[in-house]
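The values are calculated or read from the model by the stated rules, or taken from the named source; none is laboratory data. Computed from a prediction, not measured in an experiment: that's the story for all the values here. Here the Cβ positions follow ideal geometry from the backbone for every residue, glycine too, while neighbour counts run over all protein chains shown.
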Amino acid sequence: MGLSDELLLIGAGEPIPLPDGSDQTYPFRAHSEYYYLTGIDLPGGVLAFDPRQHSSNAWVSFVADVTEAEKMWEGRTEGVGTPVSRLEAWLGRRRGRSIINLGAQLRGVRSDEGDIVRVREQFTHARRSKEELEIGLLRRAAAATAAGFSTVRQHIASGVTERALQIELEAEFFRHGADRSDMERLSARDQTRVCCIFPRAPRLNATSST
């Protein structure tokens, strides 16, 4: 991506609280740039890149620390990677160097907007070329989507609710290996764009913190 000295940080994002003042949040979806490179769909993560490091140590995946309460109430497990609590020390050893923040905006990180636009454009261009693994996932997703719509057509009848059709549609998606669907993001004007989401494998083998 044309980096020589700048540090690259890609944030996963944080859960967004519901507006009712409770401790509940909207369903979390990691930022697509972070998820594309890591395959991790969990909040609080940061993928860091230092172009000065040798290729085997250039990428470091920092993952959020999981509290006992989160383990108990949310069923969350420890992610594979370096605890995000070590990110500050990682940056401290590289003090004075420019930082480019892709993905979700990270608190306290300042980046030049021109650099962000430039690197994001290069990153987006790099994503257009698909590897065999990605092509295979796309084909599986297309097959699962087709199976879901084929099944739901058999259940369309007078008196059948949209909710009942959603259950049949998503169940067929999941039977064909889907991780989730985008039903919750649909609006009443966008009912033709239902798709299923497959979990992706990480594109990088990030190391522990150095």
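I need the full set of residues from the range 107-141 which are under 30 Å from F173 (Cβ atoms), surrounded by 13 or more Cβ atoms within 10 Å (Cβ to Cβ) and not small (G, A, S), in order please.
Answer for the range 107-141, where residues must be under 30 Å from F173 (Cβ atoms), surrounded by 13 or more Cβ atoms within 10 Å (Cβ to Cβ) and not small (G, A, S): F123, R127, E134, L137, R140.
When you go through A147, A104 one by one, which is the residue that is touching a strand residue (DSSP E or B) at 6+ places or on another chain (Cβ under 8 Å) and either under 30 Å from Q166 (Cα atoms) or surrounded by 14 or more Cβ atoms within 10 Å (Cβ to Cβ) (or both)? Full working, then the answer.
Working: A147 fails: touching a strand residue (DSSP E or B) at 6+ places or on another chain (Cβ under 8 Å).
Sole residue among the options that is touching a strand residue (DSSP E or B) at 6+ places or on another chain (Cβ under 8 Å) and either under 30 Å from Q166 (Cα atoms) or surrounded by 14 or more Cβ atoms within 10 Å (Cβ to Cβ) (or both): A104.
Since E88 meets every condition but one in (1) more than 18 Å from E14 (Cα to Cα); (2) part of a helix (DSSP H, G or I), which condition does it not meet?
Just one mismatch for E88, condition (1).
Could you grab me the full set of residues in the range 28-47 that are touching a strand residue (DSSP E or B) at 6+ places or on another chain (Cβ under 9 Å) and surrounded by fewer than 16 Cβ atoms within 10 Å (Cβ to Cβ)?
Correct list: S32 only.
For residues in the range 160-179 being outside any helix (DSSP H, G or I) and on the phi < 0 side of the Ramachandran plot, which is modelled with the lowest pLDDT? Before the answer, list the steps.
First pass over the range 160-179, keeping only residues outside any helix (DSSP H, G or I): 160-161, 176-179.
Filter again for on the phi < 0 side of the Ramachandran plot, leaving 160-161, 176, 178-179.
Values: V160: 93, T161: 93, H176: 91, A178: 86, D179: 81.
The extreme case among them is D179.
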